[in-house]
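Report on the structure given below.
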Amino acid sequence: MVNTQLPNLTPQTDKHKVVIIGGGFGGLYAAKTLGKYEAAVDVTLIDKRNFHLFQPLLYQVATGTLSPADIASPLRGVLSGNKNTHVLLDEVVDIDPDSKTVVMNEGIVNYDSLIVATGVSHHYFGNDHWKPYAPGLKTVEDALEIRHRIFMAFEAAEKETDPALQQAWLTFVIVGGGPTGVELAGAIAEIAYSVLKKDFRKIDTTRARIILLEGMDRVLPPYDPSLSAKAQKSLENLGVQVQTKSLVTNIEDHLVTFKQGDDQCEIAAKTIVWAAGVKASGMSKVLEDRLSATLDRAGRVIVEPNLSVAGYPDVFVIGDLANFPHQNERPLPGVAPVAMQEGEYVAKLIKQRVNGQEMAPFRYMELGSLAVIGQNAAVVDLGFVKFSGFLAWLIWIFAHVYYLIEFDNKMVVMLQWGWNYFTRGRGARLITGEKDLVSGFKLYQEAADKETKVNIKVEA
């Protein structure tokens with residue numbers, strides 16, 4: 001039952017009303033496409049953030065290469081040219097399919113077509129108590145927290161007198177060998193072995209250990225095995241210790257425990273980053289309860305061939321929240337190009353329906369896979385050709401700049417990358433927040449005061 005005391009914020013128009021929940025790649029591309037159909041539809045985009053975040057470059061914020069504003073664009077600014085689009089800053093808490101109403105914290109909106117694109121969050125596989133020790137990387141706040149921990153570790157090591165604890169400060173563990181884990185490991189290695197090596201007087205930052213743990217038998221499991229092998233070789237050339245077939249069993253008190261076969265290993269590390277899994281946002285549970293949507297093990301909604309929810313042809317789920325099992329042998333990957341194409345498809349489908357027509361089922365056009373390891377090192381799989389190295393790195397750069405939303409972001413990022421390339425600098429390596437600085441040191445010192453296990457069974 002909808003709370004009738006909440007204000008109804010539905011635009012007063014006779015046009016077909018489209019509500020989009022989420023301003024990520026899927027939601028934003030749907031809104032931009034629907035903006036072309038001003039005469040046919042009226043659009044309301046709801047997001048609890050007032051900006052679109054370019055998540056593929058979030059790891060560069062976490063490692064001090066870019067600032068948050070470089071990869072974020074205000075939604076109102078991006079959509080200001082769409083005269084039929086209304087942007088609401090709020091959080092959706094419920095959906096009533098009978099009255100076709102979206103319920104927010106501070107209002108309700110009626111819809112004729114609904115697009116849900118709220119994405120995913122971190123998945124600790126039932127071990128959410130690991131989160132304080134090993135943050136994931138999905139939001140700006142996550143990136144700033146990880147950046148804080150990375151650069152604070154070097155500062156704490158500079159003041160540490162105990163050699164074992166100093167090495168623990170200089171040990172960085174990344175759990176998960178997918179694209180995010182690989183990119184983070186490579187970036188942290190460049191920080192330790194290149195960017196900071198002349199900045200400290202007491203510690204030798206090149207003694208830092210960057211350890212990447214992956215449960216499968218190779219990094220970048222979705223990629224071609226040859227590219228996975230090249231990516232691992234590139235990481236090892238940077239100084240990263242890659243440990244495959246390594247299943248993390250516990251994280252506590254800055255100690256990572258994992259299994260390799262029958263062997264149990266421990267690593268004392270003050271900085272741990274989680275990049276091993278994702279789970280659907282809370283909207284998937286709402287869709288399950290209200291629309292009897294079918295969810296997969298990660299909580300993603302299994303959608304119809306036209307991306308609608310079974311039994312509700314007017315409700316669509318796109319982007320990372322959607323499990324699309326109707327193409328190839330496995331669901332489509334949770335990457336930006338998939339969300340972009342799904343957003344554009346649903347927008348065109350809605351326009352066709354308004355005109356009394358239908359469209360063929362959604363078909364994803366594979367544009368290739370890219371992952372960067374470090375400066376001059378990346379892997380690219382375009383389907384018809386696979387390669388790595390400097391050329392792959394250049395393609396990765398131009399692909400990411402191309403998909404940045406605003407022109408000024410493109411220019412700033414290109415200039416920053418150009419400067420960093422020649423100076424080996426990281427201009428955004430700031431430890432921000434006086435309160436966070438103090439509480440962070442207190443947390444770390446309390447852990448350091450405990451007896452720390454340094455029985456590291458990974459070869460240096």
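Miscellaneous remarks
- Residues in region 115-131 that are under 18 Å from the mean Cα position of the chain (by Cα), assigned to a loop (DSSP other than H, G, I, E, B) and over 28 Å from Tyr312 (Cβ atoms): Tyr124, Phe125, Lys131.
- Residue check, Asp289 assigned by TED's automatic domain parsing to the domain that holds Leu114, acidic (Asp, Glu), under 30 Å from Lys100 (Cβ atoms) and in contact (Cβ under 8 Å) with a residue 12 or more places away in the chain: no
- Leu34 being modelled with pLDDT of 95 or more, of a type in the set (A, V, I, L, M, F, W, C), under 30 Å from Trp419 (Cβ atoms) and in contact with a strand residue (DSSP E or B) (Cβ under 9 Å, 6 or more places away or on another chain): no
- Residue within region 145-154 that is within 30 Å of Glu366 (Cα to Cα), aromatic (Phe, Trp, Tyr) and either outside the structural domain of Lys386 (by TED's automatic domain parsing) or within 23 Å of the chain's Cα centre (by Cα) (or both) present: no
- Criterion violated by Ala276 - all others in (1) modelled with pLDDT of 95 or more; (2) among the hydrophobic types (A, V, I, L, M, F, W, C); (3) part of a loop (DSSP other than H, G, I, E, B); (4) in contact with a Gly (Cβ under 7 Å, 6 or more places away or on another chain) satisfied: (1)
- From the list Ser226, Ser246, the lone residue that is surrounded by fewer than 14 Cβ atoms within 10 Å (Cβ to Cβ) and polar (S, T, N, Q) is Ser226.
- Within region 77-93, residues that are assigned to a helix (DSSP H, G or I) sit with their Cβ atoms under 7 Å from residues that are of a type outside the set (Phe, Trp, Tyr), at 6+ positions apart or across chains, in these pairs: Val78/Leu28; Val78/His52; Val78/Ile405; Val78/Glu406.
- Checked against the criterion of being acidic (Asp, Glu) and surrounded by fewer than 19 Cβ atoms within 10 Å (Cβ to Cβ), region 188-197 contains not a single residue that satisfies it.
- The conditions of being more than 25 Å from Ile318 (Cβ to Cβ), touching a helix residue (DSSP H, G or I) at 6+ places or on another chain (Cβ under 7 Å) and of a type in the set (Asp, Glu) are not met by Asp94.
- Search result, residues across region 327-344 that are buried (at least 17 other Cβ atoms within 10 Å of the Cβ) and either out of contact with any helix residue (DSSP H, G or I) (no Cβ under 7 Å at 6 or more places or on another chain) or not acidic (Asp, Glu) (or both): Pro331, Leu332, Gly334, Val335, Ala336, Pro337, Val338, Ala339, Met340, Gln341, Gly343
- Residue list for region 239-264, restricted to those being out of contact with any Leu (no Cβ under 6 Å at 6 or more places or on another chain) and closer than 17 Å to Leu220 by Cα: Gln241, Thr244, Lys245, Leu247
- Filter result (touching a Ser or Thr at 6+ places or on another chain (Cβ under 9 Å) and either without any contact (Cβ under 8 Å) to a residue 60 or more places away in the chain or small (Gly, Ala, Ser) (or both)) within region 314-331: Gly319, Asn323
- Once region 379-416 is narrowed to residues that are touching a residue at least 60 places away in the same chain (Cβ under 8 Å) and in a helix (DSSP H, G or I), the residue that is nearest to Tyr223 (Cα to Cα) is His400.
- Pairs with Cβ under 7 Å, 6+ apart, first in region 263-285 and more than 26 Å from Ile188 (Cα to Cα), second small (Gly, Ala, Ser) and assigned to a loop (DSSP other than H, G, I, E, B): Ala280/Ala298; Ala280/Gly299; Ser281/Gly119; Ser284/Gly299
- Hey, Leu34 buried (at least 23 other Cβ atoms within 10 Å of the Cβ) and farther than 29 Å from Pro313 by Cα or not: no
- Test: Lys270 is surrounded by 19 or more Cβ atoms within 10 Å (Cβ to Cβ) and either modelled with pLDDT of 95 or more or under 24 Å from Gln166 (Cβ atoms) (or both): yes
The values are calculated or read from the model by the stated rules, or taken from the named source; none is laboratory data. None of the values given here were measured: they were computed from a predicted structure. Note that each Cβ is placed from the backbone with ideal geometry, even for glycine, and that neighbours are counted across all protein chains shown.
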